[in-house]
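Here's the structure we're looking at; comments come further down.
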Amino acid sequence: MAEKNVIYKCEICGNVVLVVEAHEGELVCCGQPMKIMVEKTAEQEGNEKHVPVLEKTDLGVKVKVGSVLHPMEEKHYIDLIQLVKDNEVIFSKMLNPEDEPIAEFCIADTEGLKSRVLCNIHGLWKD
């Protein structure tokens, strides 16, 4: 059974799926079950270019990917920035290689917010 708000990846072709609504059944791609992408942290991996940095602003929050901004190149970039509250994805922004690895979200209640980002090469990271 798929899990809501979890990101899965096909280990053969690289397709990535974010589950918005979960029901019975298994996510399959290229003839095999897709794998859950495990969220990495700085404590586990120690990579300052992948860990999201959440900053409060006058209108809500800004998420920057990395204390040193993550490169945004044709073959290595951030696909997705998300805000999470109480284990629910509340905002998402998709990125392209030519974009900056930054997203701003207008939100009044910033208490308990977390962020996570998806690097097309190095996987899923959280703050």
Among (1) assigned to a strand (DSSP E or B); (2) of a type in the set (Ser, Thr, Tyr); (3) out of contact with any Pro (no Cβ under 9 Å at 6 or more places or on another chain), where does residue 115 come up short?
(3)
Kindly evaluate residue 32 against the criterion of being surrounded by 15 or more Cβ atoms within 10 Å (Cβ to Cβ) and modelled with pLDDT of 95 or more.
no
Screening 23, 50 for residues that are surrounded by 13 or more Cβ atoms within 10 Å (Cβ to Cβ) and assigned to a loop (DSSP other than H, G, I, E, B) leaves only 50
Leading residue by the ranking (nearest to the chain's Cα centre (by Cα)) among those in region 32-70 that are more than 26 Å from residue 102 (Cβ to Cβ) and in contact (Cβ under 8 Å) with a residue 12 or more places away in the chain
36
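The values are calculated or read from the model by the stated rules, or taken from the named source; none is laboratory data. None of these values were measured; they are calculated from a predicted model. For neighbour counting, all protein chains shown are included, and Cβ atoms are generated from backbone atoms with ideal geometry for every residue, glycine included.
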